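**Q** Let me give you the structure first, and then I'll get to my questions.
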Amino acid sequence: MIRKAVLPVAGFGTRCLPASKAIPKEMITIVDRPVIQYVVEEAIAAGIREIVLVTSSHKSAIENHFDTNAELEDSLEAKGKHELLAMLRNLVPDDVSIISIRQGKPLGLGHAVLCARPIIGDGEPFAVLLPDVLVDNSANQTSDLVGMLTAFDKHKTAQLMVEAVDWENVVKYGIVAPSGEAPAPEESAELSGMVEKPTREAAPSNLAVIGRYALPGSIFSILESTAPGAGGEIQLTDALETLREQSGVQAYCMQGATYDCGHPLGYLEATLAFARRHSEFGEAFQALLSRYYQGV
Ligand code: G1P
């Protein structure tokens, strides 16, 4: 099973300004923890043990969040706040390492993934999780990430997690073309192509890549020779299209819900979804919700 994951977090987050002016967009809070923590928890729960953050100079808050804060821990210890201390110390299990590497220039998602090559190496498969999207499997028996990583093992083929989106939204995503039937939930299907942010007219389907990938190490050499594409950036989608021609790529159809936390409305929806079932605040939050709903 795949044990390594790359989380590209170097982008400016312009869609979240002014919230993301002085803090990384990945550090914006959903209920009681930053967005990035949900994604790291998702990866860890799926068996990932080595997480590579591809970061940039204005993103050190993310590295600090997962590092030990000795001063804070000493202060909590001295005040006897043992529960808080234990929570902080267990943010990342001992057998999980979080490593960061810089993407000096914003040359695109494909370039960001390529920056992780010296740590991941070409010899083994790895996952990519884009922290803009939160995956919510609370209503499901299993995690979509586990399903996708299992599908990679079973089919020995790269997997892109997809969900059907409204046709007017295809322009925001990488869109896939299944070579036969579209995959059923929790199933994979071979692709005949994929295209980055097509117009509605040009889109081969409404199945959108939601930012979870299981990739072979060979993607690095493909990325290395991928020319800049849309927006003058090195696009992961272009490299995936080359990989598809060489050895096939499959779409894995997710069953859970997604929240686009690269956008304020997505944060709001994620906040509603996670707050109403929060172990500590859930009940009070639901009471708040009904109060506001009734306009009281
Ligand atoms: C990236 C990918 C795109 C994918 C999307 C998911 O785009 O390039 O294929 O569908 O993430 O969020 P971005 O949103 O970074 O422009």
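**Q** With a point put 7 Å past each Cα toward its Cβ, work out how far LEU88 is from ASN169 in nm, to one decimal.
**A** Spacing of the two 7 Å Cα→Cβ label points: 3.8 nm.
**Q** How compact is the range 105-165 by the rule of thumb for globular proteins, expressed as Cα Rg over 2.2 N^0.38 Å? Spell out each step's value before the answer.
**A** Details: Rg = 13.9 Å, N = 61, 2.2 N^0.38 = 10.5 Å.
Cα Rg divided by the expected 2.2 N^0.38 Å: 1.32.
**Q** Explain nothing, just compute: Karplus ³J(HN,Hα) = 6.51 cos²θ - 1.76 cosθ + 1.60, θ = phi - 60°, for every residue of the range 51-60 in order, whole Hz, x for Gly and Pro.
**A** After applying 6.51 cos²θ - 1.76 cosθ + 1.60, I find 10, 10, 8, 9, 10, 8, 4, 8, 10, 5 Hz.
**Q** In whole Hz, what ³J(HN,Hα) sequence does the range 211-223 give by Karplus (6.51, -1.76, 1.60; θ = phi - 60°), x for Gly and Pro?
**A** x, 10, 10, 10, 10, x, x, 5, 5, 5, 5, 5, 4
**Q** Would you kindly state how much longer the chain becomes between ILE119 and ALA184 on full extension, computed as 0.36 nm times their sequence separation minus their alpha carbon distance, in nm to one decimal?
**A** Details: separation 65, 0.36 × 65 = 23.40 nm, distance 3.46 nm.
Gain on stretching ILE119 to ALA184: 19.9 nm.
**Q** Next question, about the same structure. On a 0 to 90° scale, report how tilted helix 236-247 is relative to the longest principal axis of the chain, with both axes built from alpha carbons and the result rounded to the nearest 10.
**A** Roughly 50 degrees, rounded to the nearest 10.
**Q** Students often forget the sequence filter, so: which aspartates and glutamates lie under 13 Å Cα-Cα from LYS105 once same-chain residues fewer than 8 apart are removed?
**A** Answer for LYS105, where 13 Å is the Cα cut-off: GLU233, listed by chain and number.
**Q** Taking the simple approach of a point 7 Å from Cα along Cα-to-Cβ for both ASN69 and LEU289, what is their distance in nm?
**A** Simple spin-label model gives 2.9 nm for this pair.
**Q** Separate question: Bin width 5 Å, alpha-carbon pairs only: give the P(r) of the range 1-153 as whole percents, running from 0 to the bin holding the largest distance.
**A** Per 5 Å bin, starting at 0, the Cα pair percentages come out as 2, 9, 17, 20, 20, 16, 11, 5, 2, 0.
**Q** Given 10 °C and 1.306 mPa s, how large is the Stokes-Einstein diffusion coefficient of the range 13-89 in µm²/s, with Rh as the Kirkwood radius over Cα pairs? Don't skip to the answer; put the middle values down first.
**A** Values: Rh = 14.2 Å.
Roughly 112 µm²/s, to the nearest whole number.
**Q** Calculated from DSSP H runs of 4 or more alone, at -39500 (n - 2.57) each and per residue, what is the 222 nm mean residue ellipticity of the chain, nearest 500? Show your work: numbers first, answer last.
**A** Numbers: 11 runs with 100 residues, N = 296.
For the chain, the value works out to -9500 deg cm²/dmol.
**Q** Could you give the length gained by full extension between VAL96 and ALA78, i.e. 0.36 nm per residue of separation minus their alpha carbon distance, to one decimal place?
**A** Numbers: separation 18, 0.36 × 18 = 6.48 nm, distance 2.75 nm.
Extending this stretch completely gives an extra 3.7 nm.
**Q** Under a straight-distance cross-link criterion of Cα-Cα below 19 Å, which lysines are reachable from LYS154, leaving out those fewer than 8 residues away in the same chain?
**A** LYS4
**Q** Give me the three principal axis extents of the range 122-222 from the C-alpha atoms, as integers in angstrom, largest value leading.
**A** Projected onto the principal axes, the Cα atoms of the range 122-222 cover 39, 37, 28 Å.
**Q** Using DSSP, restrict attention to beta bridges with both residues in the chain and report what percent are antiparallel, rounded to the nearest 5. All intermediate terms of the calculation are to be shown ahead of the outcome.
**A** Values: 25 of 43 bridges.
Around 60 percent antiparallel, to the nearest 5.
**Q** Could I ask something else about it? Could you compute how fast the chain diffuses translationally, taking Rh as the Kirkwood radius over C-alpha pairs and applying Stokes-Einstein at 10 °C with viscosity 1.306 mPa s? Give it in µm² per second. If you can, show how the numbers build up before the last one.
**A** On the way: Rh = 20.1 Å.
Translational diffusion coefficient: 79 µm²/s.
**Q** As I understand it, the value is the acute angle between the Cα axis of helix 264-275 and the longest principal axis of the Cα atoms of the chain; what does it come to in degrees, rounded to 10?
**A** For helix 264-275, the angle is close to 60 degrees.
Every number here is computed from the coordinates shown, using simple stated rules; none is lab data. A quick note: this is a predicted structure, and the numbers were derived from the prediction, not measured. Cβ coordinates were reconstructed from backbone atoms using ideal geometry, including for glycine residues, and neighbour counts include every protein chain displayed.
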